[in-house]
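To start, the structure under review is shown below, and the notes come after it.
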Amino acid sequence: MRGFVFLVAFWTSAIPAAVHNLLVGTFSTNSIYTISFDDETYELTELANTSTPVGSSWLTLSHDKRTLYGTAWDVQPAAFVSYAVEDEGLTLTHQATVTAGGDCTGSAISVLAAVDPPYTVYGNLYYREARCGTVFAVDPGMGALVEGGGGIVQSYTYGEAGSGSAVHGMAWNVGNASIVYSADTGGNAIWTHVRDGDTGALTLVDKLVLPEDQMDGHCGPRHLAPHPQGVYLYVVCEASSRVVQLYLNRDEFQTPNATTIADGQWPLLPPHDDDENPYHAADYWADEVLFSASGDWMWASNRAHDRDRQGYVSVFSMRPEDGSVASQMFLQPTATSGGFANAIAPSPFDDRFAALTENVTGSVEIWRLADDNQSASVVAHLDLPDGEGCCANTVWYS
């Protein structure tokens, strides 16, 4: 009888819920939207529009989904914010707004939450002299950012003053959550830090400057995604509109190296033809790269500076034995340029679905991978027009 109960429980937990909630950030309007997607009817519905003290250009959830962290996009000096999350994301309660540490000038651009105790939060700046990173303490019970004395665990820098370093995204090593990689767009580099398990503070391990001679110039790494197999790290290059595959060394900290770049880079633009297709990397600024729920597929996105152009979404198939790219399946245009967004977010429950935000008109779309994996289509669209504040990135709550 016990075995039967276990099988029933396992089968029930293996079936994804039909309705999944998402949280959507904004740039210049003080709101966070809660929306739902029904994976059977393909309905995309606005559930709540929560007024917030700041707009958040980037959102991320805590390990237990009880706390939402965001950037304070328009706040100077740069700051970060936290909210308590209840009712499947329908209720968001502001907890704290904490100013970043260090002596840099810039805007809060990205935030990452640790997945292990003490669950510290990591924030980066962008624009101006933005080479600073901050490690924030959190309340052990509520997960809130800690205000006042003791709220900042560490202030650290990427590079020397005037180096141009500006980190736009961070990602944890999949097999070792004490290792974190940072994408330095301005410094054209990938930084590797190791996290102290007691304090959450970071110690520099390595810096890899991406070789411009192998990449037709400046890559401008924006975001990065380590494959679950732990062999390769993928970087989306904002400046050159491509995805680059980096091999992770078999050393203690799995530092990336550039020895395989020549055979491991793929365009996020159609083939260039000066006469017929004037696609120049300088006209675009690639946005995101992330893996599907199983790691079998990699989603990437691009956006255009000119709002009269379109952005692009691409999907790659991955080799299961090592997580290398088997094939770039397709490259499809998006409805608009994407504006500041075109942020792709694969679902955590099904490889076929991914959410895409854009802030030209202000909308969220759900894209579905075709059954033959040779294309994707928009199966749901929701307009959230609020004066080009929405939409920044989105996170799947369920």
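Taking the chain as a Gaussian network of alpha-carbon nodes connected by springs under 10 Å, the highest mean-square fluctuation of the residues GLY70, GLY149, GLY175 belongs to GLY149.
Solvent exposure of ARG128, expressed as accessible area, is near 150 Å², computed with a probe of 1.4 Å over the protein chains only. Can you tell which of MET298, MET142, MET170 shows the greatest fluctuation in a Gaussian network model of the chain with Cα springs below 10 Å? Most flexible of the set in this elastic network: MET142. Computed per residue of the chain from DSSP H runs no shorter than four, each worth -39500 (n - 2.57), the mean residue ellipticity at 222 nm is -1000 deg cm²/dmol. In this structure ILE109 has an accessible area near 10 Å², from a 1.4 Å probe over the protein heavy atoms.
Note on the chain: Rg/Rh from C-alpha atoms, Kirkwood Rh, equals 0.95. Taking amide H as placed 1.01 Å from N in the peptide plane, the amide H of LEU47 sits under 5 Å from that of THR34, ILE35, SER36, each at least 5 places away or on another chain.
Solvent-accessible area of TRP367, all protein chains in place: 10 Å² (probe radius 1.4 Å, heavy atoms, ligands and nucleic acids excluded).
Compute the relative contact order of the chain as a whole-number percentage, counting only Cα pairs closer than 8 Å that sit 6 or more residues apart in sequence. Taking the mean separation of contacting Cα pairs over the length of the chain, I get 11 percent. Our coupling estimate for the stretch 303-317, obtained by passing each phi through the Karplus curve with A = 6.51, B = -1.76, C = 1.60 and θ = phi - 60°, is 9, 10, 5, 7, 6, 7, 9, 10, x, 9, 10, 9, 10, 10, 8 Hz, Gly and Pro reported as x.
The values are calculated or read from the model by the stated rules, or taken from the named source; none is laboratory data. Keep in mind it's a predicted model, so treat the numbers as computed, not measured. To get the accessible areas, we keep the full protein, side chains included, count just its heavy atoms, and leave off ligands, DNA and RNA. Shrake-Rupley method; radii C 1.70, N 1.55, O 1.52, S 1.80 Å.
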